[in-house]
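Structure, as structure tokens:
The values are calculated or read from the model by the stated rules, or taken from the named source; none is laboratory data. Values in this document were obtained by computation on a predicted structure and should not be read as measured data. Please note: Cβ atoms are built from the backbone with ideal geometry, for glycine as well, and neighbour counts cover all protein chains shown.
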Ligand SMILES: Cc1cc2nc3c(=O)[nH]c(=O)nc-3n(C[C@H](O)[C@H](O)[C@H](O)COP(=O)(O)O)c2cc1C
């Protein structure tokens, strides 16, 4: 069975909890997962079918978290179509900032431009309304699992 990589972009740590909650529920649904707290493209093959779940916060003014920026630079530099990649994005952000969930929007756009396929709508969690963002994950997981395996519907 295909392994689902859960890639984390976090500065202050709360999005790691979101990623761990997603990992636990995806594994409960019967899928193998790998949590990548410091994503590194050199440790991934882009030549085989794969699924990424990207859990990413926004910092600065709509910027990527520090631990995720080098990964974005690697993606921009690798001159390869990501046609074997399917992905889903969970963004955490705060709507009191000007660029709400800017990083999750930007990585979605980049992966789409590189030929990858987004399998569900981007899921954005507003910590201004949901101060414990991982509590929102159980709402999203069934949508993700259905999108992973539409034949089961
Ligand atoms: C200095 C700072 C800047 C932030 N800038 C933004 C922003 O531009 N857009 C946004 O949606 N959220 C912004 N946020 C909110 C964070 O994305 C939110 O608190 C998120 O849960 C942090 O995740 P983390 O703990 O994994 O780093 C900012 C938070 C801080 C502390």
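Examine segment 106-117 for a residue that is crowded, with 20+ Cβ neighbours inside 10 Å, closer than 14 Å to residue 7 by Cα, more than 16 Å from the ligand (Cβ to nearest atom) and at pLDDT 95 or above, and state whether such a residue exists. Before you say what the answer is, go through the steps one by one.
Residues of segment 106-117 that are crowded, with 20+ Cβ neighbours inside 10 Å, as a first pass: 107-108, 111, 116.
After this cut, where a residue has to be closer than 14 Å to residue 7 by Cα as well, the list is 107-108, 111.
Subset that is more than 16 Å from the ligand (Cβ to nearest atom): 111.
Next, from what is left, pick out any that are at pLDDT 95 or above: 111.
Checking segment 106-117: at least one residue is crowded, with 20+ Cβ neighbours inside 10 Å, closer than 14 Å to residue 7 by Cα, more than 16 Å from the ligand (Cβ to nearest atom) and at pLDDT 95 or above.
Quick check on this structure: which one of 66, 98, 38, 49 is touching a residue at least 24 places away in the same chain (Cβ under 8 Å), surrounded by fewer than 16 Cβ atoms within 10 Å (Cβ to Cβ) and more than 16 Å from the ligand (Cβ to nearest atom)? Of 66, 98, 38, 49, the one residue that is touching a residue at least 24 places away in the same chain (Cβ under 8 Å), surrounded by fewer than 16 Cβ atoms within 10 Å (Cβ to Cβ) and more than 16 Å from the ligand (Cβ to nearest atom) is 49.
For residue 56, state whether it is outside any loop (DSSP other than H, G, I, E, B) and either closer than 24 Å to residue 129 by Cα or near the ligand (Cβ under 10 Å from one of its atoms) (or both).
Working: outside any loop (DSSP other than H, G, I, E, B): yes; either closer than 24 Å to residue 129 by Cα or near the ligand (Cβ under 10 Å from one of its atoms) (or both): yes.
In short, yes.
The set of residues in segment 1-35 being within 16 Å of the ligand (Cβ to nearest atom), over 12 Å from the mean Cα position of the chain (by Cα) and under 22 Å from residue 111 (Cα atoms) consists of 11 alone. Scanning segment 119-147 for residues that are away from the ligand (no atom under 16 Å from the Cβ), in contact with a helix residue (DSSP H, G or I) (Cβ under 8 Å, 6 or more places away or on another chain) and assigned to a helix (DSSP H, G or I) yields 138, 141, 144, 145, 146.
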